[in-house]
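Heads up: the structure comes next, in structure tokens.
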Amino acid sequence: MAAPGQPSPQQLAAMQQQFAAEAAKRGMTPEDFAKQQREQLSAEAVKHGMSTDQYVQQLRMRAVAAQQKAAEANRQLQAKGQGSAQPGQPGQPGQPGQGPQPTTQTQTQQVPVNPNNPPNPKGVAVAKFLRSQNLKTRTCIMDGQRKDMFKVKRAIRALESPAYAKAQKKNPLLPPVTDRASAENTFKLLPLSVLALRVSKVDPHAGHGHAKPAKRVKGLWTVKIEQHQEADPMMHYVWLYEGPQWKQKTMAAAVVAGIFAVVLFPLWPVMLRQGVWYLSVGMMGLLGLFFAMAIVRLILFCITVFAVPPGLWLFPNLFEDVGFFDSFKPLWGWQENKKKSKKSKSATEAPTSQATKSAPTATTTATAPVDTSGSVKRDLAPRVEEVEE
């Protein structure tokens, strides 16, 4: 049997006979007639400003659209004929001896994909527009690489939006979209130019014979490309078009320029070399000052921990997880007593635990702000203890 969407051997034989008959009418061999047809296609493609392959693709798209319209018209005529027929006529569900009529299913039109063809400029324009829209993409894994995946219905919705109509007026390469059929035909330019392809979810461990891993990233699909590229609204497509790479190229050029600048440092002007030397000496001085301050504060703490317990810290938040300026605030603080902190923690936990037993929810009480203008102790910021039910 022939594959779906391809002519059967009988149809191919009929087409060849018809082609040979047309060649005989013109007094030519089939090879000469085929050559003449190719030359005419090339001439027409040049008139339209396209390559031969692009012009052939456009003709195929027109034929597919005409086929769809003809099929839709036939379905409408059949529906009208069934509705106007009388119940006593053969083929009607009301006639005795006749079973229920099978429902007519809408067949999804397959999109022929040729990866050897160059990208269609119209398809690239559509891909750029859709890339700029919020299609609620999600990350998936395809061939070991992370790709962006989206649903067809969101792309169709974006093509039917006023934003596309506005962009189509500015960019003549964007095809006009007037109804749902034209939106689907515009979307099919993506798989035709291999800018986005239909994928389906697969199990990456299927057939390996080993146990599945315990941990799996939630929502991260492993997908594969489907053979038949269809445009059903609930199908998923993955982006193969990455868009303009000017950012990546700019960053790569900056890295290469920086490496060359470092390598060619001996050829720099004297003023620039002196400036770099002063800058490096200043940075080394600041780093040495930081280490010296850390050593001095440690020595001061070791002295005060015996002289004036519990000990004095200079810049107590220096190594805390705070901002740069907050690391030097306050100027000094006392070492926190661990015994007192444990007692205060147990005292705060006791009433909160009683509160959880008496009521389904726990409440917290606000504490008065601590005055940090004078001498303050280390780590005295107000805290809220979490109570687990």
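The values are calculated or read from the model by the stated rules, or taken from the named source; none is laboratory data. Here the structure is a predicted model, which is why all the values come from computation and not from measurement. Here Cβ is always computed from backbone atoms with ideal geometry, including for glycine, and neighbour counts include all displayed protein chains.
If only one of PRO213, PRO191 is under 21 Å from the mean Cα position of the chain (by Cα) and either outside any strand (DSSP E or B) or at pLDDT 90 or above (or both), which one is it?
PRO191
Pull up region 308-349, narrow it to residues that are part of a helix (DSSP H, G or I) and modelled with pLDDT of 80 or more, then point me to the one that is farthest from ALA294 (Cα to Cα).
If we take residues in region 308-349 being part of a helix (DSSP H, G or I) and modelled with pLDDT of 80 or more, then ASP326 is farthest from ALA294 (Cα to Cα).
Give me the pairs, please: first residue somewhere in region 299-315 and within 19 Å of PRO330 (Cα to Cα), second residue anywhere and among the β-branched types (Val, Ile, Thr) and surrounded by 16 or more Cβ atoms within 10 Å (Cβ to Cβ), beta-carbon distance under 6 Å, and either six or more positions apart or on two chains.
Correct list of pairs: GLY311/THR304; LEU312/THR304.
Out of the residues in region 151-173 that are touching a residue at least 40 places away in the same chain (Cβ under 8 Å) and surrounded by fewer than 20 Cβ atoms within 10 Å (Cβ to Cβ), which is nearest to HIS236 (Cα to Cα)?
LYS151
Assigned to a helix (DSSP H, G or I) and under 14 Å from the mean Cα position of the chain (by Cα): does that describe ALA127?
For ALA127, the condition - assigned to a helix (DSSP H, G or I) and under 14 Å from the mean Cα position of the chain (by Cα) - is met.
Which ones in region 29-49 are outside any helix (DSSP H, G or I) and touching a helix residue (DSSP H, G or I) at 6+ places or on another chain (Cβ under 7 Å)?
Listed by number, the residues that qualify are THR29, HIS48.
Restricting to region 174-205, name every residue that is hydroxyl-bearing (Ser, Thr, Tyr) and closer than 16 Å to PRO233 by Cα.
In the first step, residues of region 174-205 are kept if they are hydroxyl-bearing (Ser, Thr, Tyr); the result is 178, 182, 186, 193, 200.
Passing the criteria: SER182, THR186, SER200.
Any idea which of GLN110, GLN95 is modelled with pLDDT under 80 and closer than 21 Å to LEU190 by Cα?
Only one candidate passes the filter, namely GLN110.
For the structure I just gave you, tell me whether PRO266 is within 15 Å of PHE328 (Cα to Cα) and either part of a loop (DSSP other than H, G, I, E, B) or in contact with a Lys or Arg (Cβ under 9 Å, 6 or more places away or on another chain) (or both).
The answer is no for PRO266.
Just wondering, is there one or more residues in region 218-234 that are modelled with pLDDT under 90, in a helix (DSSP H, G or I) and over 30 Å from ALA125 (Cβ atoms)?
Scanning region 218-234, I find no residue that is modelled with pLDDT under 90, in a helix (DSSP H, G or I) and over 30 Å from ALA125 (Cβ atoms), so the answer is no.
For region 128-147, name all the residues that are farther than 24 Å from PRO175 by Cα and either touching a residue at least 12 places away in the same chain (Cβ under 8 Å) or among the β-branched types (Val, Ile, Thr) (or both).
Quick first cut of region 128-147, residues farther than 24 Å from PRO175 by Cα only: 138-147.
Of everything in region 128-147, those that are farther than 24 Å from PRO175 by Cα and either touching a residue at least 12 places away in the same chain (Cβ under 8 Å) or among the β-branched types (Val, Ile, Thr) (or both) turn out to be ARG138, THR139, CYS140, ILE141, MET142, LYS147.
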